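*Asks:* Before anything else, here's the structure in question.
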C-alpha cells in the first residue's frame, strides 16, 4: 500500500514537472497609433500602459493616440482580422500557434495601397511595435500585444 | 431380537450397557481376544477419522495449517541455530533496499530534470521576445525605405523600424 502510494506520487511529480505549459485561447490587441508631441498630452491608452516607457524612450513622443484597433480572441491560431482607421488598415493573418506564440502575417495598407508587409512570431510576453510612415507632425505606429 | 452381529457392533462402539452388556460379554467364547479386537477397532476408527478429516480440509483450514506450520518452523529454527538469539521478521523494506530505492529515485529525477530543463531553455528564449521573421516595403511607393529590427529589453518590446517611408499629411491621422 505504502509502496504503491510512493510510486503514484513519484510518477505524478514527474509528469507534472515534465509536462509543457498548457495553452489556452488568448486575445491579441492590434492598434494603429499616432504618436506625436503636444502641449497637453492625453493619458496613454490602457493597452499601452505596460510599454509606455519604451514607446516614449524609443520614439520621443509624449502622446499616443489610438486611431484604429481590433481585439481578437484566438482559439485556433488560424484566425485573421483587420484593424482600421479612416485611411489605414492593418490586416493580421494568424498562421499557427506554437508554445512560443503566434505566427502572424501583417500587412499595412494606406487605403488600398500596400505599404508594408512583415511576418513575425508574436510572443505572448513580448509586444510588437512597427514604426510606420510619418503622418503630419506625428508618427504612425502599429502595435500588437497578446493580452 | 438383535442378532449377534448387531450386538457385537454395538459392543465395539460401546453402546451396550447394563444387563444387555453383561449378557453379551458372558456369551463371548474368548473375552480377552474380543477386548483386543475392540481395541484394534477403536484404533482403526481413530485412524480413519484422522485420514478422512485431512481429505476434507477446507481452504481456510489448509492455509491456517500452513501458517501454523511456518510459524512453528520459523520459531524453532533461530532458537535451534543461535540458541535464543533475537528473532528477525523479514520485511521487504530493509534498510539496504530503502537506500537503493532512494538513490535510484533521485537519479531518475535528476536525469529527467536535466532533460526537461535542457529542452525547455531554447523554447523559453523564443517565448521571451517576439521575433520578426521578415519584412518588406513596396519599392515603388517607398523606393528609399530601409528596415531594421531590434529589441527593447526593458519592456521586452520587439521593434520593426522603418525609415524613408512616404510621409503623409496630418489628415491621415483621422480615426
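*Asks:* Rounded, prolate or oblate, given the Cα gyration tensor of the range A:48-111, with a/c below 1.5 counting as rounded?
*Replies:* oblate
*Asks:* Among B:93, A:29, B:161, which comes first, then next, by fewest other beta-carbon atoms within 10 Å?
*Replies:* Ascending Cβ contact count within 10 Å gives the list B:93, B:161, A:29.
*Asks:* Starting from 0.36 nm per residue, how many nanometres of slack lie between residue B:37 and residue B:170 once their C-alpha separation is accounted for?
*Replies:* 34.3 nm
*Asks:* According to the square roots a ≥ b ≥ c of the eigenvalues of the Cα gyration tensor, what is the shape class of the range B:4-82, taking rounded for a/c under 1.5, prolate for a/b larger than b/c otherwise, and oblate for the remainder?
*Replies:* Cα axes put the range B:4-82 in the prolate bin.
*Asks:* Using the per-residue mean of other Cβ atoms lying within 10 Å as a proxy for protection, in what order, highest first, do the peptides A:107-120, B:143-156, B:10-23 fall?
*Replies:* For the peptides A:107-120, B:143-156, B:10-23, the packing ranking is A:107-120, B:143-156, B:10-23.
*Asks:* Which of the peptides B:64-72, A:85-93, B:105-113 is most tightly packed, and how do the rest follow, judged by the mean count of other Cβ atoms within 10 Å per residue?
*Replies:* A:85-93, B:105-113, B:64-72
*Asks:* Next question. Would you tell me the mean number of C-beta atoms belonging to other protein chains that fall within 10 Å of each C-beta in B:27-35, as a whole number?
*Replies:* Rounded to a whole number, the mean comes out at 0.
*Asks:* Another question, if that's okay. For peptide B:135-143, what's the mean number of Cβ atoms from other chains within 10 Å of each residue's Cβ?
*Replies:* 4
*Asks:* Please compute, for peptide B:161-172, the average count of beta-carbon atoms on other protein chains lying within 10 Å of each residue's beta-carbon.
*Replies:* Partner-chain Cβ atoms within 10 Å, mean over residues of B:161-172: 6.
*Asks:* Return A:106, B:168 ranked ascending by Cβ neighbour count within 10 Å, so the fewest neighbours appear first.
*Replies:* B:168, A:106
*Asks:* Sort B:7, B:97 so that the residue with the fewest other Cβ atoms within 10 Å of its own Cβ comes first and the one with the most comes last.
*Replies:* B:97, B:7
No value in this document is a laboratory result; all are computed from the given coordinates. None of the values given here were measured: they were computed from a predicted structure. Please note: Cβ atoms are built from the backbone with ideal geometry, for glycine as well, and neighbour counts cover all protein chains shown.
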